[in-house]
Amino acid sequence: MSLTEAPPAPAPQPEEPRELKLRKPSTRKRLVPYWLLLPGILWLVVFFALPLVYQASTSVQTGSLEQGFEVTWHFQTYVDALREYYPQFIRSLLYAGTATILCLLLGYPLAYLIAFKAGRWRNLVLVLVIAPFFTSFLIRTLAWKTILADGGAVVDVLNTLHVLDVTSWLGWTESNRVLATPMAVVCGLTYNFLPFMILPLYTSLERIDGRLHEAAGDLYATPATTFRKVTFPLSMPGVVSGTLLTFIPASGDYVNAELLGSTDTKMVGSVIQSQFLRVLDYPTAAALSFILMAIVLLAVTFYIRRSGTEDLV
Amino acid sequence: MPVLRWIRRNLVVIAGLLTLAYMILPNIVVMVFSFNKPNGRFNYAWQRFSLDAWKDPCGVADLCGSLSLSLQIAFWATLGATALGTMIAFALVRYRFRARGAINSLIFLPMAMPEVVMAASLLTLFLNMGAQLGFWTVLIAHIMFCLSFVVTAVKARVMSMDPRLEEAARDLYAGPVQTFLRVTLPIAAPGIAAGALLAFALSFDDFIITNFNAGSTVTFPMFVWGSAQRGTPVQINVIGTAMFIMAISVVLVGQVIAARRKNNARP
């Protein structure tokens, strides 16, 4: 899955299909790509790009729903929004970051299993990874309420093993409770975005030539060394796109925080939602979602630079 | 310690299967609780076995209405996004033209943005235009965010296509339309199907963008969301289970057919 495209390169790109050019294409023929692009691109411009412009303008408006809003270049809204809701921002990034790391740790073995060890079970396991997409994710998230319920089996086991003592000391849970705590929210986020981590990981692992593993073995590399020096570096594109596909939606999610958390675990998505749909304070809501977008885009750019894969195909 | 050695040797398999169990666990809970008969309004604790919900899946007001609305929206959104997305994918892979980089970024951005940002900005557009929120605004939004995913899926397939097959068709005096319908389209079909399937799943399951742009229209995810506050009917679990089983059987049947075809083609 290609996640980012290289910036417009002047040099001809290698993946360009070869085409026999016997004569110069006519004008009508040269316009073909534009006609193909027109409807879809128009759709994206009108319903994706233009709304962002509207939102930018909304964020610097003042007024109220009764009197109407007016553009007054009131940038103070941004400062106020950040000052009031910075805990939610930090929490969102923290939860999304933790969930992403957990997704990577949990997802890698499974992707590896599907790519190299599953054999004839491969398709069945893949189906089991993808099938949840077709069951409403809200229903499945609600199921976590049952699983993590107070006095339920999971809480009992964690209690017996004294895990909850440690986690509540760390502030992840509250005495003998998992539901309505940060741990429940992170658990839900991890669960919901795992397929987005596993599929790109699997795609990039699957492309690795098995003979490379044999070669590493022939050169006396232990399995651990083979993994560290061969498998993992070659799976980097999958790691990067999986991380992005997990972190970006998780940072804006409010479903898990609302269904599995409490008022102390509200993420920035919930704030944007309630400002827009309940409080009807459009400028603050618009400013909040712009700040979220900026943070995410900055984080993504930084991450892509650091991981050194500019072109993720 | 042979047991410890066995665990060490199969560590990856064990960890992978544990993750798989973590992913399947909620589906099993949903399935089990579809046979529950709860005492109160909420279906969170096991009371006693009953087939009531399975006998009467539409027994809750608005549930099946919302389900059919979601299916309709998903159908039209899939159709729209697949048509527009396939055209874009072909243009991007098969032609060189100016603004290709800009268009690539425009396709990429909707996937690199938190859903809540897109949802909120689309709402500001609709509010400014004075549009009536409902079926049409939801459909517009769904086509918008499914488009990029379709383009990515179709592009991957078209890229790996050998253009010489089309040249060969042209050499054999096939017209452009004939070449497209009998050579290009059949080869690109798996990519288009994958894109369409993805679009359908994304649209059917979307909550955040729908939540912002639906007004008082209730899709199935909106119904589930509302019921989480008011009390969840068991029928929700029935529908969740049915969807899970249907998805698995559709894919498995597809696998069997594909395997058959392969076997038939071999001798």
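Please give the calculated 222 nm ellipticity per residue for chain A, where each DSSP H segment of at least 4 residues contributes -39500 (n - 2.57) and the sum is spread over every residue; nearest 500 deg cm²/dmol?
Theoretical 222 nm ellipticity from helices: -19500 deg cm²/dmol.
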Completion exercise
In order over segment B:125-135: 3J(HN,Hα) from phi, Karplus 6.51/-1.76/1.60, θ = phi - 60°, whole Hz, x for each Gly or Pro, gives 4, 5, 5, 5, 7, x, 6, 7, 6, x, 3
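Would you order B:28, B:239, B:248 from fewest to most other beta-carbon atoms within 10 Å of each residue's own beta-carbon?
Working: B:28 14, B:239 24, B:248 18.
Fewest-to-most Cβ neighbours within 10 Å comes out as B:28, B:248, B:239.
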Completion exercise
Simple spin-label estimate for residue A:67/residue A:79, 7 Å along Cα→Cβ, in nm, reads 2.1 nm
Problem - Cysteines (scope chain B) whose Cβ has no counterpart Cys Cβ under 4.7 Å - result: B:146
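Ranking A:289, B:148, B:68 by Cβ neighbours within 10 Å, fewest first, what do you get? Spell out each step's value before the answer.
Numbers: A:289 32, B:148 22, B:68 12.
Fewest-to-most ranking of A:289, B:148, B:68: B:68, B:148, A:289.
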Problem - Evaluated at q = 0.11, 0.12 Å⁻¹: base-10 log I(q)/I(0), Debye formula over Cα of the protein assembly as shown - result: -1.15, -1.37
Exercise for the section: Go through segment A:29-36 residue by residue and turn each phi into a ³J(HN,Hα) via Karplus (6.51, -1.76, 1.60, θ = phi - 60°); whole Hz please, and just put x for glycine and proline. Expected result: 5, 5, 7, 3, x, 5, 5, 5
Completion exercise
Out of A:133, A:48, A:69, a Gaussian network model of chain A with alpha-carbon springs under 10 Å gives the largest mean-square fluctuation to A:48
Practice task
Lys and Arg at +1, Asp and Glu at -1: add these up for the other residues within a Cβ distance under 13 Å of residue A:115 and post the number.
Solution key: +1
Practice task
Determine the relative contact order of chain A: mean sequence separation of Cα pairs under 8 Å and six or more apart, normalised by residue count, in whole percent.
Solution key: 28 percent
Handout entry: Contact order normalised by residue count of chain B, Cα under 8 Å, 6+ apart, percent
Key = 32 percent
Practice task
Extending each Cα 7 Å along its Cβ direction at residue B:257 and residue B:5, get the distance between those two points in nm, one decimal.
Solution key: 4.9 nm
Practice task
Post the alpha-carbon centroid distance, segment A:60-131 to segment B:93-164, in whole angstrom.
Solution key: 19 Å
Problem - segment B:1-82: trypsin sites (Lys or Arg not before Pro) in DSSP loop, at most 13 other beta carbons within 10 Å - result: B:41, B:48
Fill in the blank from the handout: Scalar couplings 3J(HN,Hα) for segment B:32-38 by Karplus 6.51 cos²θ - 1.76 cosθ + 1.60 (θ = phi - 60°), nearest whole Hz, x for Gly and Pro, are 4, 6, 6, 9, 8, 10, x
Practice task
Name the most mobile residue of A:36, A:124, A:201, meaning the one with the largest mean-square fluctuation, in a Gaussian network model of chain A with Cα contacts below 10 Å.
Solution key: A:36
Fill in the blank from the handout: Pseudo-spin-label distance residue B:170 to residue A:45, built 7 Å along Cα→Cβ, given in nm, is 2.9 nm
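Rule-based calculations on the coordinates, nothing more; no lab input. What you see is a predicted model; the values in this text were computed from it and never measured. So basically every Cβ, Gly included, is an ideal-geometry build from the backbone, and we count neighbours across all protein chains shown.
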